[in-house]
Structures are given as C-alpha cells and as structure tokens.
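One structure is given here, and the rest of the page talks about it.
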Amino acid sequence: MAMALAEAGARAVYCVDQGPEPSYEWKATREHLQRLEPLDRPMPSTGEKSKAGGWEPPRLEYISADVRDQALILSIGESIGARECRLDVCVAAAGIPSTHTGCLSYPSSEFRRVLDVNAAGTLFTAQAAGRQMKKFGNGGSIVLVASMSGSITNRGHKWVAYNASKAAVLQMARSMACELARDAIRVNSLSPGYMYTNMSAAELETTPQLLDQWSELTPMGRIGRPDELRGVVTWLASDASSYCTGSDILVAGGHQAW
C-alpha cells in the first residue's frame, strides 16, 4: 500500500509499525522508490521531452510505535503534520489474529488483547490523522482496514475476538465518516478476504491444509495477494473517490457472494 501511494504521487509516506527496525519488505520498498524517476512528458509546443525540475523521489519513513498507546500515536501525527505542513491520507492497517478458542471459553485477556490492537489501535491511528487533516483544512481520506470477517463468519474457525474487532472497525468507519464529512474528511473501510500476508503465512505454515480450504471457499479458487489491494487503496486515497465516504470495499475474490 505504501509503495502504491508513493508511486501515485505522494511525496512522503510514513509507516508506523511495532518492530524496532523496519522489515525486509519495507527496506526493499524504499530501495525501489529511490530508483523512481519522473515521467518524461512531451511539451505541448515542440513535442520535445523535459523532466520536471527539482523533482525528488518519494520518501518512505519508518516509525516504531505501539498503536495501543494513544498519546504516542497522537504525538506521531502531530510530528508528521509539523514536518510536512499537511496530512492527506491515512491507512490504518494494524491487526493481529485471535487464537482458535471456543466462544464459551474465550479468555478475557486474549479478547482484550485483540480488541486493543484491532479496534482501539485503529481508532487512535485515525484520530491522529484526522486531527491533522482538520487542522490544515485540506480535507483528507482515511482508510480503515477491516476484513470480510467483520461481515461474515469464517467457516471452521473459532475467531470470535477477531471477527468482533473487525465488525467494530466497519462501524467505526461509518460513524467517523458521518462526523467528519463536513470537514471534507472521508472515511471508508477496506475488507480483504483471505490474503497471503505475513500474518496468514504463519498460520498456513502450521496448518498447510488451510490453503486448499480457503481457496475452495473462494469463487476465484485462490487466496489473494497483498498487491491486489493497491488499486482500491490508491482509489480511496485519491480524488477519484471524492464522493465515497462511509463505504466498505470488499476485496475477497467473491467469498461473500456465495
């Protein structure tokens, strides 16, 4: 998502994650972005090509933080606003899975752990961005990453905490959208289906038969790739979706359509 936004024209993309050091994927993305060059554009009068003067490749910045720390996340939003003098787009994507535990015996500590990251952490991230958007008066777009699991129940899985947390994100997006619409701040949610991410890869390694199970449950016959979220994230971030707020965009290979 960060790479897609940078390629689409963002001058700086800040990635906030819990690790003290950025991941290999983040480093590879930054190296890719540093190799970007401005597009050659034909000049209207002569047909000759010229490159934009003073162009610099987009910056990918990394910040280590825990999304459960509201004060810290708000301060990060303030520091980004102070440095960039604007904040236009926020993608709140932090999330953790829940254990496979029956709903009647699900422990309080585990339920709170999942809700603290997936729901509270998403709210704090959106708050941090929304405050800066309102401060600078340019409007903006906030994308809350939910899941199809917020609208359906995953067959064969006991994920009461995860499903509840993602349902909370769906309603959070609708509520914030209505509150912030008059400030030209749009809030939408994005609901991926079964995707091959670092989080799901860990589960597939321990239970490899899940890959076939998830694929069979999806009309397209496979699970999704993270890059297949690039288009919808870029669309939601841009003025191409200027009349879209309070919506949930499903990218699930048709899973919900059965």
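The values are calculated or read from the model by the stated rules, or taken from the named source; none is laboratory data. These figures come from a predicted structure and were not determined experimentally. Cβ sites come from the backbone with ideal geometry, for glycine too, and all protein chains shown count toward neighbours.
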_Hits in region 136-151 - residues which are touching a helix residue (DSSP H, G or I) at 6+ places or on another chain (Cβ under 7 Å), under 24 Å from THR218 (Cα atoms) and surrounded by 18 or more Cβ atoms within 10 Å (Cβ to Cβ)_ = LEU144, ALA146, SER147, MET148, SER149, GLY150
*asked:* Looking at region 54-68, can you tell me whether even one residue there is without any contact (Cβ under 8 Å) to a residue 60 or more places away in the chain, crowded, with 16+ Cβ neighbours inside 10 Å, touching a Lys or Arg at 6+ places or on another chain (Cβ under 9 Å) and part of a helix (DSSP H, G or I)?
replied: no
*Looking at SER147, is it under 28 Å from PRO20 (Cβ atoms) and out of contact with any strand residue (DSSP E or B) (no Cβ under 9 Å at 6 or more places or on another chain)?*
no
*asked:* Residue under question is ALA126, and the condition is that it be closer than 27 Å to TRP258 by Cβ and modelled with pLDDT of 95 or more; does it hold?
replied: no
_Give all pairs with beta carbons closer than 6 Å in which a residue from region 92-106 that is closer than 29 Å to MET176 by Cα meets a residue that is of a type in the set (Val, Ile, Thr) and in a loop (DSSP other than H, G, I, E, B); count only pairs at least 6 apart in sequence or on separate chains._
ALA94/VAL67
_Can you report the number of residues in region 180-207 which are outside any loop (DSSP other than H, G, I, E, B), in contact with a helix residue (DSSP H, G or I) (Cβ under 9 Å, 6 or more places away or on another chain) and either charged (D, E, K, R) or surrounded by 22 or more Cβ atoms within 10 Å (Cβ to Cβ) (or both)?_
10
